[in-house]
Amino acid sequence: MSKGESNHQKKNTFPMQGSTAHLKQIRRNTITHEFDQNSPQEMLLVQESENQLSEASQLLRQGIQQHKSGELLAAFKSLKQSLEMFQVIADVQQQEQTLSCLALVTYASGDYKSVISYCQQCLALKKDTPDLLVQMQVLSHLGNAYRHLNDHEKAVEYLEKCLKITQKLQDKRSQVAALNNLGLVYKASGNFVRAIEYQEQSLEIVRELQDKWGMEQVLKNLGNAWYALDDYPKAIAYYEKCVKISRSLNNLRSATQVLKNLGNACYAISDYAKAIIYYEERLQLARELKDKRSEEQSLGSLGVACEALGDYAKAIRYYEERLQLARTIKDKRIEEQTLASLKVACYALGDYAKAMEYQQ
(Lines give C-alpha, C1' and ligand atoms only; values in the text may rest on other atoms or scores of the structure.)
Protein backbone atom coordinates (compact mmCIF):
# COMPACT_ATOMS: atom_id res chain seq x y z
CA MET A 1 0.00 0.00 0.00
CA SER A 2 1.21 3.49 -0.73
CA LYS A 3 1.93 5.43 2.39
CA GLY A 4 0.88 8.63 0.73
CA GLU A 5 -2.59 9.91 0.20
CA SER A 6 -4.63 7.61 -1.97
CA ASN A 7 -4.95 9.44 -5.24
CA HIS A 8 -3.78 7.35 -8.15
CA GLN A 9 -6.15 8.73 -10.77
CA LYS A 10 -4.84 10.81 -13.64
CA LYS A 11 -4.69 14.50 -12.80
CA ASN A 12 -6.63 16.18 -15.57
CA THR A 13 -5.51 19.76 -16.18
CA PHE A 14 -8.58 21.90 -16.62
CA PRO A 15 -8.82 23.15 -20.22
CA MET A 16 -9.18 26.89 -20.33
CA GLN A 17 -10.43 26.96 -23.90
CA GLY A 18 -11.09 24.86 -26.97
CA SER A 19 -11.89 21.50 -25.38
CA THR A 20 -15.39 20.13 -24.86
CA ALA A 21 -14.25 16.87 -23.27
CA HIS A 22 -16.14 15.65 -20.20
CA LEU A 23 -13.90 15.85 -17.14
CA LYS A 24 -14.00 13.51 -14.17
CA GLN A 25 -13.64 14.82 -10.67
CA ILE A 26 -10.50 13.64 -8.84
CA ARG A 27 -11.22 11.91 -5.53
CA ARG A 28 -8.99 12.76 -2.60
CA ASN A 29 -8.77 12.57 1.18
CA THR A 30 -9.16 16.34 1.33
CA ILE A 31 -12.34 17.76 2.85
CA THR A 32 -13.28 20.74 0.68
CA HIS A 33 -15.41 23.74 1.54
CA GLU A 34 -18.47 23.21 -0.64
CA PHE A 35 -21.13 25.81 -1.34
CA ASP A 36 -24.10 24.07 0.20
CA GLN A 37 -23.86 25.58 3.66
CA ASN A 38 -26.14 28.49 2.85
CA SER A 39 -29.30 28.78 0.84
CA PRO A 40 -29.05 30.45 -2.59
CA GLN A 41 -30.92 33.43 -1.13
CA GLU A 42 -28.24 33.93 1.52
CA MET A 43 -25.38 33.42 -0.92
CA LEU A 44 -26.67 35.50 -3.79
CA LEU A 45 -27.98 38.91 -2.73
CA VAL A 46 -29.33 40.04 -6.08
CA GLN A 47 -31.40 42.92 -7.30
CA GLU A 48 -33.77 41.10 -9.63
CA SER A 49 -34.80 44.38 -11.26
CA GLU A 50 -31.42 44.62 -12.96
CA ASN A 51 -31.37 42.15 -15.84
CA GLN A 52 -27.60 41.72 -16.13
CA LEU A 53 -27.17 41.18 -12.41
CA SER A 54 -30.02 38.69 -12.44
CA GLU A 55 -28.50 36.78 -15.37
CA ALA A 56 -25.04 36.75 -13.78
CA SER A 57 -26.53 35.47 -10.52
CA GLN A 58 -28.42 32.75 -12.38
CA LEU A 59 -25.18 31.65 -14.07
CA LEU A 60 -23.46 31.53 -10.69
CA ARG A 61 -26.23 29.33 -9.26
CA GLN A 62 -26.07 27.17 -12.38
CA GLY A 63 -22.28 26.78 -12.10
CA ILE A 64 -22.56 25.72 -8.44
CA GLN A 65 -25.17 23.10 -9.33
CA GLN A 66 -23.16 21.81 -12.30
CA HIS A 67 -20.11 21.41 -10.06
CA LYS A 68 -22.17 19.42 -7.53
CA SER A 69 -23.34 17.18 -10.39
CA GLY A 70 -19.74 16.58 -11.51
CA GLU A 71 -20.13 18.56 -14.75
CA LEU A 72 -16.84 20.40 -14.31
CA LEU A 73 -16.41 21.84 -17.80
CA ALA A 74 -20.00 23.14 -17.89
CA ALA A 75 -19.55 24.58 -14.38
CA PHE A 76 -16.34 26.31 -15.42
CA LYS A 77 -18.00 27.93 -18.45
CA SER A 78 -21.02 29.12 -16.44
CA LEU A 79 -18.83 30.58 -13.71
CA LYS A 80 -16.51 32.34 -16.18
CA GLN A 81 -19.50 33.98 -17.87
CA SER A 82 -20.89 34.93 -14.49
CA LEU A 83 -17.56 36.48 -13.42
CA GLU A 84 -17.30 38.56 -16.59
CA MET A 85 -20.80 39.97 -16.02
CA PHE A 86 -20.13 40.79 -12.37
CA GLN A 87 -16.92 42.56 -13.44
CA VAL A 88 -18.83 44.67 -16.00
CA ILE A 89 -21.31 45.86 -13.36
CA ALA A 90 -18.54 46.18 -10.73
CA ASP A 91 -20.25 43.91 -8.19
CA VAL A 92 -17.26 43.09 -6.00
CA GLN A 93 -19.15 40.87 -3.54
CA GLN A 94 -20.37 38.53 -6.28
CA GLN A 95 -16.97 38.55 -8.02
CA GLU A 96 -15.51 37.31 -4.74
CA GLN A 97 -18.06 34.49 -4.51
CA THR A 98 -17.60 33.49 -8.16
CA LEU A 99 -13.80 33.42 -7.96
CA SER A 100 -14.03 31.16 -4.92
CA CYS A 101 -16.35 28.84 -6.87
CA LEU A 102 -13.93 28.82 -9.82
CA ALA A 103 -11.12 27.86 -7.44
CA LEU A 104 -13.18 24.92 -6.16
CA VAL A 105 -14.01 23.70 -9.70
CA THR A 106 -10.39 23.89 -10.87
CA TYR A 107 -9.28 22.13 -7.67
CA ALA A 108 -11.69 19.30 -8.47
CA SER A 109 -10.06 18.93 -11.88
CA GLY A 110 -6.50 18.97 -10.52
CA ASP A 111 -5.43 22.33 -11.99
CA TYR A 112 -3.77 23.65 -8.83
CA LYS A 113 -2.02 26.64 -10.43
CA SER A 114 -5.38 27.96 -11.62
CA VAL A 115 -6.79 27.41 -8.12
CA ILE A 116 -4.06 29.68 -6.72
CA SER A 117 -4.64 32.27 -9.44
CA TYR A 118 -8.39 32.52 -8.77
CA CYS A 119 -7.87 32.63 -5.01
CA GLN A 120 -5.29 35.41 -5.28
CA GLN A 121 -7.63 37.42 -7.52
CA CYS A 122 -10.35 36.96 -4.92
CA LEU A 123 -8.18 38.08 -2.00
CA ALA A 124 -6.96 41.09 -4.01
CA LEU A 125 -10.49 42.51 -4.41
CA LYS A 126 -11.02 45.73 -2.46
CA LYS A 127 -14.03 45.37 -0.18
CA ASP A 128 -15.47 47.62 2.53
CA THR A 129 -16.62 44.62 4.57
CA PRO A 130 -14.67 41.37 4.05
CA ASP A 131 -16.85 38.27 3.72
CA LEU A 132 -15.27 35.94 6.28
CA LEU A 133 -17.10 32.89 4.91
CA VAL A 134 -15.64 33.38 1.43
CA GLN A 135 -12.21 34.22 2.87
CA MET A 136 -12.30 30.97 4.82
CA GLN A 137 -13.18 29.01 1.66
CA VAL A 138 -10.45 30.71 -0.39
CA LEU A 139 -7.76 30.14 2.26
CA SER A 140 -8.79 26.47 2.37
CA HIS A 141 -8.50 26.13 -1.43
CA LEU A 142 -5.08 27.82 -1.35
CA GLY A 143 -3.80 25.51 1.40
CA ASN A 144 -5.03 22.39 -0.39
CA ALA A 145 -3.59 23.52 -3.75
CA TYR A 146 -0.16 24.27 -2.26
CA ARG A 147 -0.17 20.84 -0.56
CA HIS A 148 -0.62 19.15 -3.93
CA LEU A 149 2.20 21.29 -5.32
CA ASN A 150 4.39 20.11 -2.39
CA ASP A 151 4.81 23.62 -0.96
CA HIS A 152 4.03 22.50 2.57
CA GLU A 153 5.09 25.73 4.26
CA LYS A 154 2.57 27.82 2.29
CA ALA A 155 -0.08 25.13 2.67
CA VAL A 156 0.23 25.27 6.47
CA GLU A 157 0.25 29.09 6.45
CA TYR A 158 -3.06 29.33 4.56
CA LEU A 159 -4.78 26.47 6.35
CA GLU A 160 -3.84 27.90 9.77
CA LYS A 161 -5.44 31.22 8.73
CA CYS A 162 -8.47 29.27 7.52
CA LEU A 163 -8.70 27.45 10.87
CA LYS A 164 -8.67 30.74 12.79
CA ILE A 165 -11.62 32.03 10.77
CA THR A 166 -13.58 28.79 11.30
CA GLN A 167 -13.05 29.21 15.04
CA LYS A 168 -14.09 32.88 14.90
CA LEU A 169 -17.26 31.94 13.00
CA GLN A 170 -17.79 28.93 15.30
CA ASP A 171 -18.28 26.91 12.12
CA LYS A 172 -17.60 23.37 13.34
CA ARG A 173 -17.99 21.65 9.97
CA SER A 174 -15.38 23.94 8.50
CA GLN A 175 -13.14 23.36 11.52
CA VAL A 176 -13.28 19.64 10.74
CA ALA A 177 -12.15 20.35 7.17
CA ALA A 178 -9.34 22.71 8.20
CA LEU A 179 -7.99 20.35 10.88
CA ASN A 180 -8.20 17.32 8.58
CA ASN A 181 -6.45 19.15 5.75
CA LEU A 182 -3.70 20.45 8.05
CA GLY A 183 -3.17 16.84 9.08
CA LEU A 184 -2.77 15.87 5.43
CA VAL A 185 -0.12 18.57 4.92
CA TYR A 186 1.91 17.40 7.91
CA LYS A 187 1.58 13.80 6.75
CA ALA A 188 2.78 14.79 3.26
CA SER A 189 5.79 16.52 4.82
CA GLY A 190 6.62 13.43 6.90
CA ASN A 191 5.53 14.85 10.26
CA PHE A 192 3.12 12.01 11.08
CA VAL A 193 2.85 12.78 14.80
CA ARG A 194 1.65 16.34 14.09
CA ALA A 195 -0.68 15.02 11.38
CA ILE A 196 -2.31 12.68 13.90
CA GLU A 197 -2.72 15.52 16.44
CA TYR A 198 -4.73 17.60 13.94
CA GLN A 199 -6.79 14.69 12.68
CA GLU A 200 -7.63 13.56 16.22
CA GLN A 201 -8.99 17.06 16.88
CA SER A 202 -10.95 16.79 13.64
CA LEU A 203 -12.34 13.39 14.66
CA GLU A 204 -13.50 14.72 18.03
CA ILE A 205 -15.55 17.48 16.37
CA VAL A 206 -16.95 15.30 13.59
CA ARG A 207 -18.14 12.77 16.19
CA GLU A 208 -19.83 15.60 18.09
CA LEU A 209 -21.59 16.57 14.85
CA GLN A 210 -22.53 12.90 14.23
CA ASP A 211 -21.38 13.37 10.63
CA LYS A 212 -20.78 9.83 9.38
CA TRP A 213 -19.41 10.91 6.00
CA GLY A 214 -16.85 13.18 7.66
CA MET A 215 -16.07 10.52 10.27
CA GLU A 216 -15.36 7.96 7.55
CA GLN A 217 -12.85 10.27 5.85
CA VAL A 218 -11.04 11.31 9.05
CA LEU A 219 -10.81 7.70 10.31
CA LYS A 220 -9.27 6.63 7.02
CA ASN A 221 -6.73 9.46 7.18
CA LEU A 222 -5.83 8.54 10.77
CA GLY A 223 -5.38 4.93 9.73
CA ASN A 224 -3.09 6.04 6.89
CA ALA A 225 -1.01 8.19 9.27
CA TRP A 226 -0.52 5.36 11.81
CA TYR A 227 0.31 2.99 8.92
CA ALA A 228 2.97 5.43 7.74
CA LEU A 229 4.43 5.33 11.28
CA ASP A 230 4.50 1.51 11.05
CA ASP A 231 2.11 1.33 14.01
CA TYR A 232 -0.04 -1.31 12.34
CA PRO A 233 -2.27 -2.22 15.35
CA LYS A 234 -3.43 1.42 15.65
CA ALA A 235 -3.85 1.67 11.87
CA ILE A 236 -5.99 -1.49 11.96
CA ALA A 237 -8.16 -0.08 14.77
CA TYR A 238 -8.97 3.06 12.76
CA TYR A 239 -9.43 1.20 9.48
CA GLU A 240 -11.87 -1.25 11.10
CA LYS A 241 -14.01 1.62 12.40
CA CYS A 242 -13.82 3.26 8.98
CA VAL A 243 -14.98 0.13 7.11
CA LYS A 244 -17.91 -0.27 9.51
CA ILE A 245 -19.06 3.28 8.73
CA SER A 246 -18.44 2.85 4.98
CA ARG A 247 -20.70 -0.19 4.96
CA SER A 248 -23.40 1.63 6.98
CA LEU A 249 -23.30 4.43 4.38
CA ASN A 250 -23.28 1.86 1.54
CA ASN A 251 -20.08 3.53 0.37
CA LEU A 252 -18.70 0.30 -1.06
CA ARG A 253 -15.89 1.87 -3.12
CA SER A 254 -14.43 3.46 0.00
CA ALA A 255 -14.83 0.16 1.88
CA THR A 256 -12.97 -1.63 -0.94
CA GLN A 257 -10.02 0.75 -0.61
CA VAL A 258 -9.84 0.53 3.20
CA LEU A 259 -10.15 -3.28 3.19
CA LYS A 260 -7.00 -3.35 1.07
CA ASN A 261 -5.22 -1.21 3.68
CA LEU A 262 -6.55 -3.44 6.46
CA GLY A 263 -5.30 -6.58 4.77
CA ASN A 264 -1.89 -5.00 4.18
CA ALA A 265 -1.63 -3.87 7.81
CA CYS A 266 -2.52 -7.36 9.09
CA TYR A 267 0.00 -8.89 6.68
CA ALA A 268 2.67 -6.49 7.99
CA ILE A 269 2.26 -7.87 11.54
CA SER A 270 2.23 -11.46 10.18
CA ASP A 271 -1.45 -11.98 10.97
CA TYR A 272 -1.94 -13.73 7.64
CA ALA A 273 -5.23 -15.40 8.56
CA LYS A 274 -6.84 -12.03 9.35
CA ALA A 275 -5.28 -10.49 6.24
CA ILE A 276 -6.98 -13.20 4.17
CA ILE A 277 -10.35 -12.40 5.76
CA TYR A 278 -10.06 -8.73 4.72
CA TYR A 279 -8.73 -9.55 1.25
CA GLU A 280 -11.66 -11.94 0.79
CA GLU A 281 -14.10 -9.19 1.81
CA ARG A 282 -12.45 -6.85 -0.68
CA LEU A 283 -12.67 -9.48 -3.41
CA GLN A 284 -16.39 -9.93 -2.79
CA LEU A 285 -17.06 -6.17 -2.92
CA ALA A 286 -14.91 -5.76 -6.04
CA ARG A 287 -17.00 -8.40 -7.79
CA GLU A 288 -20.24 -6.73 -6.65
CA LEU A 289 -18.97 -3.43 -8.06
CA LYS A 290 -17.59 -5.12 -11.20
CA ASP A 291 -14.27 -3.45 -10.36
CA LYS A 292 -11.85 -5.67 -12.29
CA ARG A 293 -8.71 -3.87 -11.10
CA SER A 294 -9.59 -4.28 -7.41
CA GLU A 295 -10.61 -7.88 -8.10
CA GLU A 296 -7.24 -8.60 -9.73
CA GLN A 297 -5.34 -6.94 -6.86
CA SER A 298 -7.36 -8.88 -4.26
CA LEU A 299 -6.62 -12.21 -5.94
CA GLY A 300 -2.91 -11.36 -6.00
CA SER A 301 -2.91 -10.37 -2.32
CA LEU A 302 -4.80 -13.53 -1.38
CA GLY A 303 -2.25 -15.66 -3.21
CA VAL A 304 0.64 -14.00 -1.38
CA ALA A 305 -1.07 -14.33 2.03
CA CYS A 306 -1.86 -18.01 1.44
CA GLU A 307 1.77 -18.62 0.49
CA ALA A 308 2.83 -16.94 3.74
CA LEU A 309 0.63 -19.44 5.60
CA GLY A 310 2.17 -22.29 3.63
CA ASP A 311 -1.12 -23.07 1.88
CA TYR A 312 0.34 -23.30 -1.62
CA ALA A 313 -2.59 -25.22 -3.10
CA LYS A 314 -4.98 -22.39 -2.16
CA ALA A 315 -2.47 -19.78 -3.34
CA ILE A 316 -2.34 -21.49 -6.73
CA ARG A 317 -6.14 -21.36 -7.02
CA TYR A 318 -6.13 -17.61 -6.40
CA TYR A 319 -3.24 -17.07 -8.82
CA GLU A 320 -5.03 -19.09 -11.51
CA GLU A 321 -8.13 -16.91 -11.12
CA ARG A 322 -5.90 -13.83 -11.34
CA LEU A 323 -4.21 -15.18 -14.48
CA GLN A 324 -7.57 -15.75 -16.16
CA LEU A 325 -8.70 -12.23 -15.22
CA ALA A 326 -5.42 -10.68 -16.44
CA ARG A 327 -5.95 -12.35 -19.81
CA THR A 328 -9.58 -11.18 -19.92
CA ILE A 329 -8.59 -7.54 -19.33
CA LYS A 330 -5.53 -7.99 -21.57
CA ASP A 331 -3.02 -6.84 -18.96
CA LYS A 332 0.27 -8.39 -20.12
CA ARG A 333 2.26 -7.14 -17.12
CA ILE A 334 -0.09 -8.76 -14.59
CA GLU A 335 -0.24 -11.92 -16.69
CA GLU A 336 3.56 -12.27 -16.63
CA GLN A 337 3.73 -11.46 -12.93
CA THR A 338 1.07 -14.06 -12.12
CA LEU A 339 2.76 -16.75 -14.24
CA ALA A 340 5.94 -16.17 -12.21
CA SER A 341 3.96 -16.46 -8.94
CA LEU A 342 2.32 -19.67 -10.12
CA LYS A 343 5.67 -21.18 -11.03
CA VAL A 344 7.13 -20.40 -7.58
CA ALA A 345 4.04 -21.75 -5.75
CA CYS A 346 4.06 -24.96 -7.81
CA TYR A 347 7.75 -25.52 -7.05
CA ALA A 348 7.07 -24.96 -3.33
CA LEU A 349 4.31 -27.57 -3.52
CA GLY A 350 6.67 -29.96 -5.29
CA ASP A 351 4.51 -30.04 -8.43
CA TYR A 352 7.35 -29.57 -10.91
CA ALA A 353 5.32 -30.72 -13.90
CA LYS A 354 2.72 -28.02 -13.28
CA ALA A 355 5.46 -25.48 -12.67
CA MET A 356 6.78 -26.19 -16.15
CA GLU A 357 3.31 -25.50 -17.61
CA TYR A 358 3.59 -21.95 -16.30
CA GLN A 359 7.09 -21.46 -17.73
CA GLN A 360 6.97 -18.12 -19.57
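Here's the yes/no breakdown for (1) in contact (Cβ under 8 Å) with a residue 24 or more places away in the chain; (2) buried (at least 24 other Cβ atoms within 10 Å of the Cβ); (3) closer than 27 Å to Leu139 by Cβ:
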residue	(1), (2), (3)
Leu184	yes, yes, yes
Glu197	no, no, yes
Ile205	yes, no, yes
Tyr238	no, yes, no
Cys242	yes, yes, no
*With respect to Ala75, is the statement that it is within 20 Å of Val138 (Cα to Cα) and outside any loop (DSSP other than H, G, I, E, B) true?*
yes
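Is it fair to say Glu216 is assigned by TED's automatic domain parsing to the domain that holds Ala178, closer than 23 Å to Gln175 by Cβ and either acidic (Asp, Glu) or not in a helix (DSSP H, G or I) (or both)? Even if it seems obvious, please write down each step before you answer.
On the way: assigned by TED's automatic domain parsing to the domain that holds Ala178: no; closer than 23 Å to Gln175 by Cβ: yes; either acidic (Asp, Glu) or not in a helix (DSSP H, G or I) (or both): yes.
So Glu216 fails the test.
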*With respect to the numbered conditions (1) touching a helix residue (DSSP H, G or I) at 6+ places or on another chain (Cβ under 6 Å); (2) at pLDDT below 95; (3) farther than 26 Å from Asn251 by Cβ, which one is the sole condition not fulfilled by Ile329?*
(3)
*Subset of region 318-335 [under 23 Å from Asn264 (Cβ atoms) and surrounded by fewer than 16 Cβ atoms within 10 Å (Cβ to Cβ)]*: Ile329, Arg333
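The values are calculated or read from the model by the stated rules, or taken from the named source; none is laboratory data. Quantities reported herein were computed from a predicted structural model and do not represent experimental measurements. Cβ sites come from the backbone with ideal geometry, for glycine too, and all protein chains shown count toward neighbours.
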